[in-house]
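These notes are about the structure you will find just below.
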Amino acid sequence: MREELITSGRLNPNVDPYLEIWHWQIPLYLFLGGLAAGILFFASLYVILGKENEYRGAVRRAPIIVPFILAIGLGALFLDLRHKLFFWQLYTTIKLESPMSWGAWTLMAITPISIIWVAIHIQEYFPGWEWKNVILRDLNAFFLKNKVGLAWVTIVLSVILGIYTGILFSAFNARPLWNTSILGPLFLTSGLSAGAAAIILFAQSKKEKVVFAKIDIMLIVIELFLIIHMFMGFRASTQVQIDAADMFLGGAYTAPFWIFVVVLGMIVPAILELMELRHKKIPVYIPVVLVLFGSLMLRFIISYAGQMSRWLY
Amino acid sequence: MRYAMAVDTKKCVGCADCVVACQTENNVPIGYCRDWIVEVTDGTYPQLEIEIRSERCNHCDNSPCVRCCPTGASHYVEGGIVKVTPHECIGCGACITSCPYDARYGHPDGYVDKCTFCDHRIQDGLQPACVSVCPTKCMYFGDLDDANSEVSKVLKKRKFKTLIPQAGTKPQVYYLI
Ligand code: SF4
Ligand code: SF4
């Protein structure tokens with residue numbers, strides 16, 4: 001049989017025998033970014049639709065966790081940097097061709113907005129709250145008056161943030177598994193689904209719960225469609241992408257991906273949510289936790305598997 | 001000006017002198033390398049063919065590593081050489097992930113490092129350390145825009161290939177075959 005054997009004398013740490021430069025920090029950061037994007041998306045959506053009072057959990061309650069999520073995400077991103085003292089160099093230029101760059105800038109913009117969002121709804125949690133400082137009180141009044149405008153800015157930024165979490169990977173043609181434009185919409189959908197699931201925990205009425213369970217089921221169906229689509233694309237592509245897909249279709253990542261991401265993270269919670277809609281008694285946090293877990297695992301597996309997928313030469 | 005290198009796979013014996021010369025010249029930390037030897041054995045036993053290559057960063061014309069760098073630390077300098085400015089690099093690793101040849105590594109000091117075509121030597125009119133030390137003289141370096149440079153002349157005479165041209169990076173290290 002004809003064979004080709006490649007031996008390389010290179011043994012650089014974290015690069016050989018296969019790339020391991022991004023550890024847990026990047027997938028965690030992408031998951032938290034997607035979750036934050038999902039929550040802010042629905043919060044601003046219902047303000048724009050003028051249905052704030054019917055969806056108080058989504059608009060006023062759930063966003064309270066967003067600044068914390070973003071802070072942890074930024075912390076993880078910071079931990080990933082190896083030349084930490086120079087991190088401010090990120091904010092000395094805007095490089096449109098670099099997803100890392102515009103992702104960092106999007107976060108810079110969306111973090112303060114998420115804090116504003118919490119501040120103007122603080123009475124939801126502390127009913128007697130009054131801003132003592134005059135400037136803060138004026139600012140509060142200003143944002144409350146222009147809430148729809150604020151919601152439009154937030155919704156645009158949240159979509160950019162959600163897509164960015166996927167594009168960060170798909171921009172790398174050196175890693176065939178990542179090099180598919182499906183990753184942008186897939187990670188956006190996964191982030192929206194995580195956001196919708198998280199909102200269920202904050203829902204203030206039966207109706208709100210039902211609506212978000214339905215939204216979540218719909219998003220899971222879209223995700224499944226995108227995943228099938230992604231593998232069909234790979235299978236019909238070049239050898240390196242066929243090899244990348246094979247990691248999930250019989251290779252090392254088959255079991256973790258299909259069990260943790262697809263079955264436990266999508267199909268099971270979708271069935272549980274459906275049963276709930278049919279008035280079966282299901283503890284609400286079970287499907288929510290499963291969706292969040294699946295979303296996190298999706299990032300982890302795509303991140304690690306992507307680094308193992310490569311061009312052979 | 002367009003600097004390029006040609007490596008003669010028919011002459012290279014894989015002695016790794018170029019690897020050691022680079023490590024010494026550029027103070028590469030122990031356990032790391034900016035250039036390395038690859039051996040490809042191909043065929044059906046007992047009819048086997050061996051190709052030996054000295055590899056390094058290809059100083060690509062269309063380099064994904066420069067494109068994806070969020071700070072501009074990875075950049076082109078004169079002659080198309082791709083370099084990293086340590087005090088602008090945040091060590092995010094995007095460029096390492098973006099290189100189809102895995103030519104970069106994270107320096108223990110935090111920033112990202114790789115081959116520079118020894119541009120500090122070129123400025124003094126010298127050849128890159130690897131080229132000047134090779135005992136079989138299998139490497140050629142020079143300006144592709146100058147028809148009389150060593151590298152232009154050898155590429156005119158000989159057949160050559162580049163590594164993974166289908167990745168679209170337009171690599172500028174040529175392998176004579
Ligand atoms: S070989 Fe890799 S590091 Fe060198 S220029 Fe090309 S993409 Fe960048
Ligand atoms: S590790 Fe440094 S050189 Fe590489 S992309 Fe990040 S900032 Fe740029």
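The values are calculated or read from the model by the stated rules, or taken from the named source; none is laboratory data. Everything quoted here is computed from the prediction, not taken from an experiment. Virtual Cβ from ideal backbone geometry, glycine too; neighbours counted across all protein chains shown. Surface areas here come from the heavy atoms of the whole protein model, side chains and all, with no ligands, DNA or RNA. Shrake-Rupley method; radii C 1.70, N 1.55, O 1.52, S 1.80 Å.
Here are some notes:
- Test: residue in segment A:213-230 that is within 14 Å of chain B (Cβ to nearest Cβ) and either under 28 Å from A:Pro67 (Cβ atoms) or out of contact with any strand residue (DSSP E or B) (no Cβ under 6 Å at 6 or more places or on another chain) (or both): no
- So A:Met100, is it within 14 Å of chain B (Cβ to nearest Cβ), at pLDDT below 95 and open to solvent by less than 30 Å² (accessible area, probe 1.4 Å): yes
- Residue in segment B:15-57 that is least open to solvent (accessible area, probe 1.4 Å), counting only those that are among the small types (Gly, Ala, Ser) and either within 16 Å of ligand 2 (Cβ to nearest atom) or at pLDDT 95 or above (or both): B:Ser54
- All positions within segment B:103-115 that are buried (at least 21 other Cβ atoms within 10 Å of the Cβ), within 8 Å of chain A (Cβ to nearest Cβ) and outside any strand (DSSP E or B): B:Arg104
- Scanning segment B:98-112 for residues that are touching a residue at least 40 places away in the same chain (Cβ under 8 Å) and within 9 Å of ligand 2 (Cβ to nearest atom) returns a single hit, B:Arg104.
Conditions (1) under 17 Å from the mean Cα position of the chain (by Cα); (2) more than 30 Å from A:Gly103 (Cβ to Cβ), marked per residue:
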position: B:Glu25; (1), (2): yes, yes
position: B:Val38; (1), (2): yes, yes
position: B:Asp42; (1), (2): no, yes
position: B:Leu48; (1), (2): no, yes
position: B:Ile52; (1), (2): yes, yes
position: B:Cys57; (1), (2): yes, no
position: B:Pro70; (1), (2): no, no
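- Some residue of segment A:294-304 being within 14 Å of another protein chain (Cβ to nearest Cβ) and of a type outside the set (Val, Ile, Thr): yes
- Test set (1) in a strand (DSSP E or B); (2) within 10 Å of chain A (Cβ to nearest Cβ); (3) in contact with a His (Cβ under 9 Å, 6 or more places away or on another chain) - B:Cys92 fails condition number: (1)
- Options B:Gly80, B:Gly168; residue that is touching a residue at least 40 places away in the same chain (Cβ under 8 Å), closer than 29 Å to A:Met308 by Cβ and within 17 Å of the chain's Cα centre (by Cα): B:Gly168
- Criterion: crowded, with 20+ Cβ neighbours inside 10 Å and basic (Lys, Arg) - qualifying residue of A:Arg56, A:Arg60: A:Arg60
- Of everything in segment A:1-50 that is aromatic (Phe, Trp, Tyr) and surrounded by fewer than 17 Cβ atoms within 10 Å (Cβ to Cβ), the residue that is farthest from A:Ala104 (Cα to Cα) is A:Tyr18.
- Of all the residues in segment B:70-89, those that are near ligand 1 (Cβ under 10 Å from one of its atoms) and touching a His at 6+ places or on another chain (Cβ under 9 Å) number 6.
- Residue that is farthest from ligand 2 (Cβ to nearest atom), among those in segment B:58-68 that are crowded, with 24+ Cβ neighbours inside 10 Å and of a type in the set (A, V, I, L, M, F, W, C): B:Cys60
- Residue within segment A:72-88 that is out of contact with any helix residue (DSSP H, G or I) (no Cβ under 7 Å at 6 or more places or on another chain), more than 8 Å from chain B (Cβ to nearest Cβ) and in contact (Cβ under 8 Å) with a residue 12 or more places away in the chain present: no
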